[in-house]
Structures are given as C-alpha cells and as structure tokens.
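If you scroll down you'll find the structure; I have some questions about it.
The values are calculated or read from the model by the stated rules, or taken from the named source; none is laboratory data. It should be emphasised that the depicted structure is a prediction, and the values quoted were computed from it without experimental measurement. Positions of Cβ are generated from backbone atoms using ideal geometry, with glycine treated the same way; all protein chains shown enter the neighbour counts.
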Amino acid sequence: MAKNDFNSDHLETLDRDLGRLGTLETATAYVARPMVGPALSLIFILATGIIAALFFDASSNGMIVIIAAIFGAYMALNIGANDVANNMGPAVGANALTMAGAIAIAAIFESAGALIAGGDVVSTIAKGIIAPSSMQSVDVFIWAMMAALLSAALWVNMATWVGAPVSTTHSVVGGVMGAGIAAAGFGAVDWGTMSKIAASWVISPVLGGVIAAAFLWFIKTNIIYRDDKIAAAKRWVPVLVGIMAGAFASYLALKGLKKLIKIDLTTAVIIGLAVGVGFWIIMRPVIARQSVGLENRNKSLKKLFNVPLIVSAALLSFAHGANDVANAVGPLAAIVQASNSGDYASAISIPLWVMVIGAAGISFGLFLFGPKLIRVVGNQITKLNPMRAYCVALSAAITVIVASWLGLPVSSTHIAVGAVFGVGFFREWDTARRMKQAKVVVEQTPVIAKEERRRRKLVRRSHFMSIIAAWVITVPAAALISAVIFSVINWVTGS
C-alpha cells in the first residue's frame, strides 16, 4: 500500500466514524414530541401517590409518605432517563441492538434486578453521610430525607436535559449532605466518607478508561492486526467471552445478590473463575461454528462480538437495577420507616411496594426519556463498534471487582463513561502511532486546517469537557439545592 493511500484511508475512516449517527426506532420517536413524555410521567407519578395511599397505614404522617412516594417516583424516572444509558449506550452505538430492543431488554433486566436482588438493607441515613444523632427529631429527619430526594431528582433531571450522564448515587449523597448541613451544621457530615466519594470522581473514570483501553489494545494486537483474523478470533474470542462471564459472575455475586445471599470478595472471585473457565470451554466450538465461511476482514469479526455484547448489556442492567434502585427509594424507605415507628437511627429495610415504585419508575423513565442519553453515550462521545463496546462492558464489570478488592469507592456511571472515553483516546493514540510507523511524512500529508484537525479527533472534546464539569459539580449542586429545599420546608412547617 502506498503511503499516501494509507494516510488517505485513515482520514476517510476518521470522517466516516465521526459522521455516523444511530437512528431512533419508530417505536420511540414519539418521545421527541414535547408534551407526551411529561404527560405520561405525570400520570405515573400521580398513580404512585395513589399506591402509597393504599399501602401505607393511615396516620398523621400519611400525607408526608404520599408526597415522599411522589418524589421517589420522580427520582426513579430520572434514574431511568439518565443512568441506564451507561449500560445500553455502547450496545446501541455499536449497532448490536436497536433503540427499541435496548429499551425492552433494559426495562426487563433493570426491573428484575431491582425486585429480585435489590432491596438489601440500606445503611443508616444514606450510607453514613450524616450522623443520626445530629437529627433533632423525627420530623427534622423526615424533612431532610424529603429534601435530599427531591434535590437529587431535580439535579439528575437537569443533567439529562443538557445531555450529561451523571452519577445518581453522588446526587443522592449530595442531597443528604446538603440537608444534613442545613439541619445540623457542618459537624453532622462524615467528611471522611465525603473525601472518599470525591476521590471516586478521579478513580472511577480513570480505572474504567485504562481497563477498556487495555482490552481494546489486546483485541487489536491479537486479532484485528493479524494476517489471519478469523483464526485469531477462533482462538481469542472464547477467552474474552470467558473473561466476560467470569467478571459478571463475580460482579453479580458480589454486588447484585446481597438480598439473596452474602458473598465475600474471595468467594466471588472463585465463582467468577469457575464460571469463566466453563464458558471458555463452551464457547470454543460455538465460535468455531460461527467462524465458518466468514471473510478475513474486520466486518466479519464484529459479528462474533454481537451476542456477547447484548448479553453483557443485559447483565449490566440487572446489576444496575439491583444496586441503584436504592438511590430512588432509599430515602423514601427511610421516611416510611420513620413515619411508621419513629425510628430513624437503625438500618432501613425497603418494603416491597416501595421497591415496585423504584423498579417501575426506572423502566418507565428509560422508555420515555432514555434515548437522549443512550445516543450521547453510544454515539456522540466516540464511534463504537461491537468490539469497542465489548471492551466498555468488560471494563465496567472488572473495574467494580478491582475497586472492591482495593476498597475504593467507585461510580458505575463514571466507570462506563470513562471506559468510552478510554476507548476513544486509545484509538486516537493508536492511529497516530500507526501513521508514524508507516513513516507518513509531512510533505506527503495534505494540509489540514486547525478546525478540521480538531474535528477529526476520535473523541469529541465538547462532550468530554461538559461531562467532566457535570461530574465535578454534582455533589455540591445537589447539596445546595437540598439545603435550600430543607430551609423552605423548615420555614413553611415552622419547625
């Protein structure tokens, strides 16, 4: 191949990658209509209030619980609209799933994860952010949780509107912190816990990006750049599927099945190794059969990753539903318990009807508003194909395992989006490296304007900067909104 042809082909590839945008399915096109989504959301929220009135024992605090249930439904809708995109975005961006298919799979597995494996005991007052003893009374505690829930929902709603995937966990934490400060001063906050959460802003995306880039490097080196790509794929794809199966087995054992059984990290890793080896053995003949008749080119390789990518997206949704449903209903469950018994210092268990609200709200929010953030994560940060998206999914599971082993706090949102960034930046580096190795000299390269060079970057810098900014301000923004809401409630009630 001539040097000029090599350079020309790469420039055309960059243009093609940046130019492709996924199309929405007809089934979800109505979401773009201005009033349909909000109207259906309002119906769901009002229905939630009715359910709360039916299931909660009538008492002097009955109206408070109904209002809290409405706020919880609003938060669940926003989690579905924002957070679930991290699981489904890569598969949609890689064209392994249609938008409608992604929404259907996510709705099923998010709900299953929330109802089957979610609802484990929520630690006292939102993961120890504020000390129970700092709350002056049950009423103050209830108002604080109410403010935290509403502020987190408002912030996630705002982030979704501007197209920024943010951590719903951090939003809730910020809400609890802000209400706690407004209620009892800065001394009520566990600043050690808050410093760990702040550290996760860096740890989560960096770990996710490095691991995803490492897997993409492995795939390129051992499969894509080989002369006989199909033979290399027959050897290595079963290994990668085994790694995926093992990682998700450990992930689900460690994070997603707390309600059913308590499993420590060592046991989870052993389970993952056993499952991984089993899937490697099973997938060897499967991949061999799928490889028959495939042409020796990259397009053929993508077909071998489609099904594993879809399965990984479904498992990520299950684990997300099991873990993050508490972000929607944890404060609501705390309000229900405090209203029923007056006890707000002990651990909080989530009632089944509260879990149903969370699971239904997440699925409903995804269906109504999810496509916007799915497009951002799957298409607009960098171009994904099945192999790159597979690296993102693998990174999400493995990073959680590594972080748990190291005792580091991480955000699933930051991990997944960081992995997408990692894949994109690695491609930029790898493309530049290959062009340099081919000795493409300046004289042979067409003169490209500065703006055009910026456009040809494989990671869109505007999305990178806006998402990072949204991550940094999530906790303080949610805290500020929560403090204002708590102060208003406190003033209105005369507490």
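Report yes if SER250 is in contact with a Gly (Cβ under 9 Å, 6 or more places away or on another chain), of a type in the set (Ser, Thr, Tyr), farther than 30 Å from SER41 by Cβ and surrounded by 21 or more Cβ atoms within 10 Å (Cβ to Cβ), otherwise no.
yes
A further question on this structure: Somewhere in segment 47-67, is a residue assigned to a helix (DSSP H, G or I), over 17 Å from MET146 (Cα atoms) and modelled with pLDDT of 90 or more?
Taking every residue of segment 47-67 in turn, at least one turns out to be assigned to a helix (DSSP H, G or I), over 17 Å from MET146 (Cα atoms) and modelled with pLDDT of 90 or more.
Another question, if that's okay. Tell me yes or no: at least one residue of segment 415-429 is modelled with pLDDT under 80, within 26 Å of PHE215 (Cβ to Cβ) and assigned to a helix (DSSP H, G or I).
Scanning segment 415-429 turns up no residue that is modelled with pLDDT under 80, within 26 Å of PHE215 (Cβ to Cβ) and assigned to a helix (DSSP H, G or I).
For (1) farther than 18 Å from VAL329 by Cβ; (2) in a helix (DSSP H, G or I); (3) modelled with pLDDT of 85 or more, each residue gets a yes or a no:
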position	(1), (2), (3)
GLY101	yes, yes, yes
ALA114	no, yes, no
GLY119	no, no, no
SER133	yes, yes, no
ALA153	no, yes, yes
VAL156	no, yes, yes
GLY175	no, yes, yes
ALA179	no, yes, yes
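Of the numbered conditions (1) modelled with pLDDT of 90 or more; (2) crowded, with 22+ Cβ neighbours inside 10 Å; (3) within 30 Å of SER133 (Cα to Cα), ALA183 satisfies every one except a single condition; which is it?
Tallying (1) modelled with pLDDT of 90 or more; (2) crowded, with 22+ Cβ neighbours inside 10 Å; (3) within 30 Å of SER133 (Cα to Cα), ALA183 fails exactly one: (1).
Condition check ((1) part of a loop (DSSP other than H, G, I, E, B); (2) at pLDDT 90 or above; (3) surrounded by fewer than 17 Cβ atoms within 10 Å (Cβ to Cβ); (4) in contact with a Lys or Arg (Cβ under 8 Å, 6 or more places away or on another chain)) across all residues:
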position: LEU254; (1), (2), (3), (4): no, no, no, no
position: LYS258; (1), (2), (3), (4): yes, no, no, no
position: LYS262; (1), (2), (3), (4): yes, no, yes, no
position: ALA268; (1), (2), (3), (4): no, no, no, no
position: ILE271; (1), (2), (3), (4): no, yes, no, no
position: GLY276; (1), (2), (3), (4): no, yes, no, no
position: ILE281; (1), (2), (3), (4): no, yes, yes, no
position: ILE287; (1), (2), (3), (4): no, yes, no, yes
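Let me ask another. Any idea how many residues of segment 363-411 are assigned to a loop (DSSP other than H, G, I, E, B) and modelled with pLDDT of 85 or more?
Total satisfying the criteria: 4.
A further question on this structure: Which of the following residues is in a helix (DSSP H, G or I), at pLDDT below 85 and surrounded by 19 or more Cβ atoms within 10 Å (Cβ to Cβ): ILE79, ILE105, ILE125?
None of the other options fit; the residue is ILE125.
Let me ask something else. Quick check: is even one residue across segment 335-351 in contact (Cβ under 8 Å) with a residue 60 or more places away in the chain and among the charged types (D, E, K, R)?
Checking segment 335-351: not a single residue is in contact (Cβ under 8 Å) with a residue 60 or more places away in the chain and among the charged types (D, E, K, R).
Let me ask another. Mind checking which pairs have a first residue in segment 83-96 that is assigned to a loop (DSSP other than H, G, I, E, B) and a second that is hydrophobic (A, V, I, L, M, F, W, C), Cβ under 6 Å, 6 or more apart or different chains?
What qualifies is VAL84/ALA106; VAL84/LEU366; ALA94/LEU384; ALA94/ALA389; ALA96/LEU309; ALA96/ILE310.
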